[in-house]
Every structure is written in C-alpha cells, then in structure tokens.
1. Can you confirm whether residue 45 is assigned to a helix (DSSP H, G or I), modelled with pLDDT of 90 or more and either open to solvent by 70 Å² or more (accessible area, probe 1.4 Å) or under 16 Å from residue 74 (Cα atoms) (or both)?
2. Is it the case that residue 173 is surrounded by 12 or more Cβ atoms within 10 Å (Cβ to Cβ) and either in contact (Cβ under 8 Å) with a residue 40 or more places away in the chain or on the phi > 0 side of the Ramachandran plot (or both)?
3. Suppose we filter 65, 13 for residues that are modelled with pLDDT under 95 and either among the acidic types (Asp, Glu) or out of contact with any Ser or Thr (no Cβ under 8 Å at 6 or more places or on another chain) (or both); which single one remains?
4. Looking at the stretch 88-128 only, could you name the residues that are among the acidic types (Asp, Glu) and either open to solvent by 60 Å² or more (accessible area, probe 1.4 Å) or outside any helix (DSSP H, G or I) (or both)?
5. Please verify whether residue 76 is open to solvent by 60 Å² or more (accessible area, probe 1.4 Å) and under 17 Å from the mean Cα position of the chain (by Cα), treating the condition exactly as stated.
6. Of everything in the stretch 133-143, what is in a helix (DSSP H, G or I) and either touching a Leu at 6+ places or on another chain (Cβ under 6 Å) or surrounded by 12 or more Cβ atoms within 10 Å (Cβ to Cβ) (or both)? Give them in sequence order.
7. Select from the stretch 190-227 the residues that are surrounded by 14 or more Cβ atoms within 10 Å (Cβ to Cβ), touching a Phe, Trp or Tyr at 6+ places or on another chain (Cβ under 7 Å) and not in a helix (DSSP H, G or I) and list them in ascending order.
8. Checking the conditions here, which among 17, 45, 35 is in contact with a strand residue (DSSP E or B) (Cβ under 7 Å, 6 or more places away or on another chain), free of Cβ contacts under 8 Å to residues at least 24 places away in the same chain and more than 26 Å from residue 139 (Cα to Cα)?
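The values are calculated or read from the model by the stated rules, or taken from the named source; none is laboratory data. Since this is a predicted model, take the numbers as computed values, not measurements. Reconstructed Cβ throughout: ideal geometry from the backbone, glycine too, with neighbour counts over all protein chains shown. Note: accessible area is taken over every heavy atom of the protein model, side chains too, but ligands, DNA and RNA are not part of it. Shrake-Rupley method; radii C 1.70, N 1.55, O 1.52, S 1.80 Å.
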Amino acid sequence: IVAAINNLQPNSHYSFKTFTASFNGFEKDETVYSKAICDKLGIKKILIQPTEQDLIKQLPLILKHQQEPTQSASVFTQWMAYKTAAAHGIKVIIDGQGADEILGGYSKQMEWFLIFLKQENYALFTELKSKLLQNEFIGRWGKEQNVAAYFPTIMQKIANAKNAYSSKNNSFLDKNFVDSHYNKSSTQKPIIDSFKSLLHYHTSTFGLPSLLRYADRNAMAFGLEVR
C-alpha cells in the first residue's frame with residue numbers, strides 16, 4: 001500500500017508519513033519490515049512504542065470511546081498509533097484492514113485451506129503443507145487436521161460444542177448472568193464447506209466487521225478519517 005501511494009505521486013510536493021507500533025523482542029514485531037519499506041522509498045517513518053504505563057493511562061479513554069470491552073490489546077496499539085498521527089497533524093490515514101480476511105493471511109485460515117485442498121489435490125496439498133510448516137506459517141499438522149480433512153463438518157460441530165461449553169462454564173463469569181444472557185449464535189459458527197466460504201465469513205461476519213468498528217471509534221476519538 002505504501003509503495004502504491006508513493007508511485008501515484010512520485011513528483012508531488014506532498015510527502016506522507018508512516019506510523020508503526022514497535023515492540024522490541026516481540027516475535028511478531030514488524031519494525032524491521034516497515035523500516036525496510038520506508039528506507040527503500042525514502043519515506044519518513046515514525047515509530048510508536050506503547051508501554052504498560054500507556055495502557056494504564058489510556059484504557060479508561062479507550063473504553064469510553066469503544067463503549068464496550070475489547071478482546072485484544074491491538075485496539076490499544078492502534079489507539080496509540082492514531083494518537084501519534086493526530087499529534088503530527090494528520091487528518092486522513094490508511095490502515096489497510098481486511099487484507100488478511102480476504103486473502104487468507106491468518107495461519108488458521110491456511111489450516112482450513114489445506115484441509116479442503118487435501119480432498120481435491122493431494123500432491124499439491126503435500127507440497128504446500130511442507131512449505132507452510134517449513135516457513136512456520138502454520139504451527140502444526142497433526143491428527144486433528146487429518147481427521148478434519150475427511151470429516152470437516154463433524155469437526156466443525158465438535159468445535160462449536162467446545163465453544164458453547166467453554167462459554168457456559170467460564171469461571172470468570174457469574175453463572176446466573178451466563179444462563180440469562182447466553183446467545184447460541186454468538187458461539188456457533190456456520191458450517192464452512194469451502195475455502196471461499198471461509199474467507200467470506202471472516203470478511204462479512206466474523207473478524208473484519210469488529211476490526212472496522214474498533215478502527216472507526218479509535219480514529220474518531222482523535223478527529224481522524226480512517227480508510
């Protein structure tokens with residue numbers, strides 16, 4: 001995305017900035033990649049290093065603007081990036097949400113891709129499984145995945161049953177509250193019969209809608225337009 005924007009205005013007087021959350025020592029830290037892109041294109045890069053103290057200080061404000069509990073610290077990380085962008089006078093930002101959901105960027109999606117592929121093209125399945133494991137894009141391939149490859153519907157029903165059980169028996173939640181408010185649709189995922197339907201589900205129902213909601217509220221808290 002950064003390279004595409006840069007190519008659209010190579011001779012423009014306008015220069016844009018990039019904002020990256022940096023986490024030293026974190027295995028999924030993306031600083032090295034953002035630095036490589038910005039250095040290659042000659043674009044100004046701004047690193048944000050959120051701390052525990054930032055979280056303690058910002059959490060009441062984040063929850064006030066989100067108006068609900070959030071399930072991931074990435075909402076806080078995004079908040080800090082937007083806060084920094086606003087401090088630099090930025091009014092419009094491009095976040096890039098949705099690429100993973102549409103293009104299968106999550107390791108769990110790749111597991112299901114292999115599960116469906118095994119039924120259709122065993123040779124290609126073997127080749128791609130080896131490469132994905134070698135590059136650590138998927139963490140494992142064992143008995144559970146092999147069973148799912150032949151009985152995907154049964155495995156999905158088992159997963160739904162496990163989700164329902166863990167929701168109803170969560171020790172952090174009051175049992176009377178759970179019994180009064182438990183909603184089956186919140187824990188039961190539809191049966192997926194193809195990789196395309198999986199991507200459609202993650203894009204339209206589960207995942208992306210929540211991420212877009214978080215991003216919109218975080219951005220509005222600082223008067224930003226996020227795309």
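1. no
2. No, not satisfied.
3. Exactly one of 65, 13 is modelled with pLDDT under 95 and either among the acidic types (Asp, Glu) or out of contact with any Ser or Thr (no Cβ under 8 Å at 6 or more places or on another chain) (or both), namely 13.
4. 95, 100, 120, 127
5. When the stated conditions are applied, residue 76 does not pass them.
6. Within the stretch 133-143, just 133 meets the criteria.
7. Residues satisfying the conditions are 192, 222, 224.
8. 35
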